[in-house]
Amino acid sequence: GSIGTAMSLAVTAPLAGIDVMAVKSAAGFEQSMNVVQQVSGATESAMSSLQAQAIQLGADTSFSAGEAAQGMLELAKAGLAPAQVMEAIAGTLDLAAAGNLSVAQAAEISANALNSFNLPASEATRVADLLAAAANSSSVEVTDMAYGFQMAGAVFASNKQSIDDLSTAMAILGNNGLKGLDAGTSLKTMMMSLAAPTDKARAELNNLGIAIYNADGSMRSFEAIIGSLETATAGLNDEQRNLAFSTIFGSDAIRAANILVGEGADEFARMNKAVNAQGAAAQVANARMKGMAGAVEYLKGSIDSFLINTALPWLDTMSGLVRGA
């Protein structure tokens, strides 16, 4: 009796616990992938590829296969096709690790940025790099960048401004204490003031010799406009510059204008180079995987992927038995 009790505690109970964990992990994973298929309209072949990728990412990254599946679901809900989801998910996981975000949150941020600027899914890794590098190069967090994009992204994109320039502007504003929704709102208003100035604002821009549009009617780059504003107002005293900026931008956008023009074209170019650092998100993600904490995360992800792979083939049979019971 004593031997039997000891064996139950030391062998049977742990094995039963592992069995329950495997079924639980696999069932949650299966549910997420079922919803991905429903939302995206993926074929069985595409779902097989997505499933294999999610399990592999769970083993290779600090996130579980279930978390990778949740990221795939958020990307699919944002309108990405199955092939696009496969392209975007790796960069999304890097963004989540770099920004200390949930995978679902990172997927939403990444998908919103791609959709706002009409970028292909293959650009997801570059978007992750932009956001992570901006956070590394300034006092903003990835969430600050996301909130700023939420407010200003559509206006910048509709005026053919690059995601790089918006990221750069957000980083510079963040270093000057203007962050998140507040920075995004000020940038949105600033861009709208430049794109469609009032009669008084247009007269002031002409008086300063600042061209907003090229000869073909396309808007000049945001960086070029900032440089023109800096040059045109360099000889003005504080009263003259404040009056000119108030006329052009109004009370809200003047905050962003003063900061960006004050920092100048050289700082804009320097920050632009910093936020375009390739591989920034992956480097931060890899840094989080170093040391004991990273080793534990790697082990947990590997175990989770192993358990899911072990239990998945049996789920159909088991679910039939459960429904029958």
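Of all residues in the stretch 95-122 being aliphatic (A, V, I, L, M) and part of a loop (DSSP other than H, G, I, E, B), which is most open to solvent (accessible area, probe 1.4 Å)? Here the residue is LEU119. Of everything in the stretch 123-158, what is of a type in the set (Val, Ile, Thr) and assigned to a helix (DSSP H, G or I)? Give them in sequence order. Across the stretch 123-158, the qualifying residues are THR125, VAL127, VAL142, THR143, VAL155. When ALA65 is tested against (1) under 19 Å from the mean Cα position of the chain (by Cα); (2) of a type outside the set (Asp, Glu); (3) crowded, with 19+ Cβ neighbours inside 10 Å, just one condition goes unmet, and that condition is (1).
Based on what the data block shows, is MET219 in contact with a strand residue (DSSP E or B) (Cβ under 8 Å, 6 or more places away or on another chain) and either farther than 22 Å from ALA274 by Cα or modelled with pLDDT of 95 or more (or both)? Yes; evaluated as a whole, the condition is true for this residue.
In this structure, is LEU131 touching a Ser or Thr at 6+ places or on another chain (Cβ under 8 Å) and either crowded, with 24+ Cβ neighbours inside 10 Å or within 30 Å of SER218 (Cβ to Cβ) (or both)? Considered against the rule, which asks whether it is touching a Ser or Thr at 6+ places or on another chain (Cβ under 8 Å) and either crowded, with 24+ Cβ neighbours inside 10 Å or within 30 Å of SER218 (Cβ to Cβ) (or both), LEU131 comes out as yes.
Of the helices (runs of 4 or more DSSP H) lying entirely inside the stretch 208-325, those containing at least 2 residues that are closer than 19 Å to ALA169 by Cβ and open to solvent by 30 Å² or more (accessible area, probe 1.4 Å) are 222-233, 238-275. It is to be established whether one or more residues within the stretch 159-182 are surrounded by fewer than 23 Cβ atoms within 10 Å (Cβ to Cβ), among the hydroxyl-bearing types (Ser, Thr, Tyr) and assigned to a helix (DSSP H, G or I). No - not one qualifying residue is present in the stretch 159-182. Filtered by the rule that a residue be of a type in the set (A, V, I, L, M) and either assigned to a helix (DSSP H, G or I) or within 15 Å of the chain's Cα centre (by Cα) (or both), the stretch 79-94 gives LEU80, ALA83, VAL85, MET86, ALA88, ILE89, ALA90, LEU93.
Scanning the stretch 118-170 for residues that are touching a residue at least 60 places away in the same chain (Cβ under 8 Å), more than 18 Å from ALA274 (Cβ to Cβ) and acidic (Asp, Glu) yields no hits at all. The C-beta contact set for the stretch 178-190 (first residue over 17 Å from THR143 (Cβ atoms), second residue open to solvent by 40 Å² or more (accessible area, probe 1.4 Å), distance under 8 angstrom, 6+ apart or interchain) comprises SER186/ASP252; SER186/ARG255; LYS188/MET151; THR189/ASP252.
The values are calculated or read from the model by the stated rules, or taken from the named source; none is laboratory data. The shown structure was predicted, so the numbers you read here are calculated from the model rather than taken from an experiment. All Cβ positions, glycine included, derive from the backbone under ideal geometry; neighbour counts span all protein chains shown. Keep in mind that these areas ignore ligands, DNA and RNA; they rest on the heavy atoms of the full protein, side chains included. Shrake-Rupley method; radii C 1.70, N 1.55, O 1.52, S 1.80 Å.
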